[in-house]
């Protein structure tokens, strides 16, 4: 008898859930209930972008800054081991940024993976820092990103870390140049990552935005790296999705503050079970964390 691998088990479980979803389930008053899969390896649509991603993205920016992160500090060998394990388990959505310095590491780790089998998302840092003097636009940055990744196209490019509700005006040139690159199919979709409630509210309605990275977990509040209460952020994310925006949840585990199994499960259940997001990005640091996250996501049920 062939050995059943963990990934085979998850796929079988997901397939079973799909069969249940297609069949009526007995409930009070004859109601039917539908089983929904929230498995991390599920391939899902990213809003209305036409881009398909694994529901779980591999984050590469834990304790990130100055073009390095805990992921890049692992060195190429450790980074390769993590990414390749994730690919083997169906995680094909790569969350990167200039801030993290993860492009060259991802290029090497994914060298043997066909480009059309992986989704590249990266982010432009818009403010002057010790490590960068931005051009003020996006063309120069995206050209450099593509060289660092050895690709002719970015699937998604975001303006990184929006801190107020004036970001559309403050970063108008970046928006315009990203739109130009999108019109030339150099970029597939555009958007922002938000670190402010006002910025998030604007992104939820702004016609330019295709994709939003939003900080969300079941605890909410600044103590858990969110931009408002869990309930307030959830309302905005539901509005954003109704508006056709793709939402990728981040800080699902409170930037390392939600560490117990019960806390992790509660956060995944809140975020996924309430369908607040299209996908989530988690900065898993080793294959064991990848496996643990996948197993927890496979247990989430619709709320």
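Computed from the C-beta positions of residue 239 and residue 173, the FRET efficiency with R₀ = 25 Å rounds to 0.35.
Stretch residue 36-residue 184 to full length: gain in nm at 0.36 nm per residue minus the Cα-Cα span? Before the final figure, lay out each step's value.
Values: separation 148, 0.36 × 148 = 53.28 nm, distance 3.68 nm.
Length difference between fully extended and current span is 49.6 nm.
Take the Cα of residue 163, step 7 Å toward its Cβ, do the same at residue 84, and the gap between the two points is 4.0 nm. Taking each pair of different alpha-carbon atoms in region 255-303 once, compute 1/r for the pair, average those values, and report the inverse of that mean as the Kirkwood hydrodynamic radius in Å to one decimal. Every distinct Cα pair counted, the radius reaches 11.3 Å. The order of 84, 296, going from fewest to most other C-beta atoms within 10 Å of their C-beta, is 84, 296. Once the Cα atoms are used to define both axes, helix 261-273 deviates from the longest principal axis of the chain by about 80 degrees. Taking every alpha-carbon pair under 8 Å whose residues sit at least 6 apart, the chain reaches a relative contact order of 18 percent. For the pair region 65-117 and region 187-238, the centres of their Cα atoms are 25 angstrom apart.
Fewest first, what order do 41, 193 take by the number of other Cβ atoms within 10 Å?
Numbers: 41 20, 193 24.
In increasing order of surrounding Cβ atoms, one gets 41, 193.
With the simple spin-label model, which puts each label point 7 Å out from Cα in the Cβ direction, the residue 295 to residue 132 separation comes to 3.7 nm. For the chain, the spread of Cα positions along the three principal axes, ordered from largest to smallest, is 60, 44, 37 Å.
The C-alpha atoms of the chain define a longest principal axis, and helix 75-88 lies at about 40 degrees to it.
For the chain, the longest principal axis of the alpha carbon atoms and the long axis of helix 230-242 meet at an angle near 80°. Subtracting the Cα-Cα distance of residue 143 and residue 274 from 0.36 nm times their residue separation leaves 43.4 nm of extension gain.
Please arrange 225, 45 by how many other C-beta atoms lie within 10 Å of their C-beta, fewest to most.
Working: 225 21, 45 13.
Exposure proxy ranking, most exposed first: 45, 225.
Length gained on full extension, residue 150 to residue 73, computed as 0.36 nm times the residue gap minus the Cα-Cα distance: 25.6 nm.
Taken together, the values in this text are just the output of simple stated rules run on the coordinates, not laboratory data. Please read all numbers here as calculations on a predicted model, not as lab measurements. Here Cβ is always computed from backbone atoms with ideal geometry, including for glycine, and neighbour counts include all displayed protein chains.
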